Amino acid sequence: MLLGIIAGFVVHLLLGGTIPVIGDLIAGFVAGYIAKGMGRGALAGFLAGALGGIILAIILPLLLIPLSKLFPFIAPFLGYIQAGAAILAIALTIKGALIGLFGGIIGGAISARR
């Protein structure tokens, strides 16, 4: 199942930004297919989708600090901008995890029938 989560995470990184919804579904499908079984596939797809969003939620607010050095007029508003970026990252995490969950169910069901 760990291999399915890692493979789904890699596919999510590659396709999640270029094809927003379909990339998440494909990543969940890959994770679920490798995990074999609907329950394990659903969990693997969910974790693969959530892992990318969690990393985004950590990196995005931290990248705004050097931006405030380049543009000093946004420095007083940096806390608000970071909070907004964190909320956006959480929303994208939920979206990726739920779509990955459905992809994992589909991939797990297909791999269980083989």
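Here, each number is a calculation from the coordinates, and none is a lab measurement. Bear in mind the structure is a predicted one, so any value in this text is a computation, not a measurement. Note: ideal-geometry Cβ built from the backbone for every residue, glycine included; neighbour counts use all protein chains shown.
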How high is the relative contact order of the chain? Use alpha-carbon pairs under 8 Å, at least six apart in sequence, and give a whole percent. 39 percent
Nearest-ten-degree value, helix 2-15 long axis tilted from longest Cα axis of the chain: 50 degrees
For n ≥ 4 DSSP H runs only, could you compute -39500 (n - 2.57) per run for the chain, divide by its residues and tell me the 222 nm figure to the nearest 500? -30500 deg cm²/dmol
Relative to the first principal axis of the alpha-carbon coordinates of the chain, what is the inclination of helix 20-35, with its axis defined by its Cα atoms, in degrees from 0 to 90 and to the nearest 10? 40 degrees
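So for the chain, considering every pair of alpha-carbon atoms, how many percent are separated by more than 23 Å?
On the way: 2273 of 6441 pairs.
When all Cα pairs of the chain are counted, 35 percent exceed 23 Å.
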Helix 38-70 vs. the chain, principal-axis angle (Cα, 0 to 90°, nearest 10): 10 degrees
Amide hydrogen neighbours beyond the local backbone of Gly37, cut-off 5 Å, H modeled: Ser111, Ala112
If I build a Gaussian network model for the chain, linking alpha-carbon pairs within less than 10 angstrom, which residue out of Ala83, Ala42, Ala27 has the largest mean-square fluctuation? Ala83
Can you pull the one-decimal nm distance between simple spin-label points at Ile94 and Leu13, each 7 Å off the Cα toward Cβ? 2.6 nm
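Let a ≥ b ≥ c be the square roots of the eigenvalues of the Cα gyration tensor of the range 14-60; is it rounded (a/c under 1.5), or, if not, prolate (a/b larger than b/c) or oblate?
Numbers: a/c = 3.28, a/b = 1.56, b/c = 2.10.
Oblate is the answer for the range 14-60, as a/c is 1.5 or above yet b/c matches or exceeds a/b.
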Which order do Ser68, Ser111 fall in if you start with the one that has the fewest other Cβ atoms within 10 Å? Ser68, Ser111
